[in-house]
Amino acid sequence: MNAQYTQGNAVMTEHHDEDEDRSYFANDAALPQLENRADVIKVSAKSRSTAVAGAIAAVIREHRYAEVQAIGAGAVNQAVKALAIARGYLTGDEIDIVCVPYFTEVDIEGQERTAVRFIVEPRPVLPA
């Protein structure tokens, strides 16, 4: 099943595979849904940073939490650019975000790879 809609300045294409409980956004960015909390947004070196940024902003607006995963230097570059762009997309909603990077091991086709993940959350508002 395919669906298109606009998010921020990006046009998102969603593909749902009935065999996998996963929706794909923004080229190779994946956004699996788990009950009331979004899971990992996966970014490749070929992902459009503006489209990934739109997906990040949408998840932050809805869930107030997102995780972004990238494997390889090109993918990490696209993810970091997307995080910076998403921060701009969220200024209209008066949401500022913070990102916490960490390494994790993932299994891809039987091979273990090291990925960089970014936890993305709204910056806490300090009392004046």
task = List every residue pair whose Cβ atoms sit under 8 Å apart, with the two residues 6 or more apart in sequence or on different chains, where the first one lies in segment 114-128 and is more than 15 Å from residue 44 (Cβ to Cβ) and the second, anywhere, is among the aromatic types (Phe, Trp, Tyr) and outside any strand (DSSP E or B).
result = 119/65; 120/65; 121/65
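Inside segment 113-128, can you point out the residues that are assigned to a loop (DSSP other than H, G, I, E, B) and not small (Gly, Ala, Ser)? I'd like the intermediate steps shown before the answer.
Initial filter on segment 113-128 (assigned to a loop (DSSP other than H, G, I, E, B)): 123-128.
Matches in segment 113-128: 123, 124, 125, 126, 127.
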ask   = Do any strands (runs of 3 or more DSSP E) lying entirely in segment 40-112 carry at least 2 residues that are without any contact (Cβ under 8 Å) to a residue 60 or more places away in the chain and among the hydroxyl-bearing types (Ser, Thr, Tyr), and which ones are they?
value = 97-108
inquiry  = Residues that are in contact with a Pro (Cβ under 7 Å, 6 or more places away or on another chain) and modelled with pLDDT under 95: does segment 103-117 have at least one?
reply    = no
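The values are calculated or read from the model by the stated rules, or taken from the named source; none is laboratory data. None of these values were measured; they are calculated from a predicted model. Backbone-built Cβ (ideal geometry, glycine too); neighbour counts: all protein chains shown.
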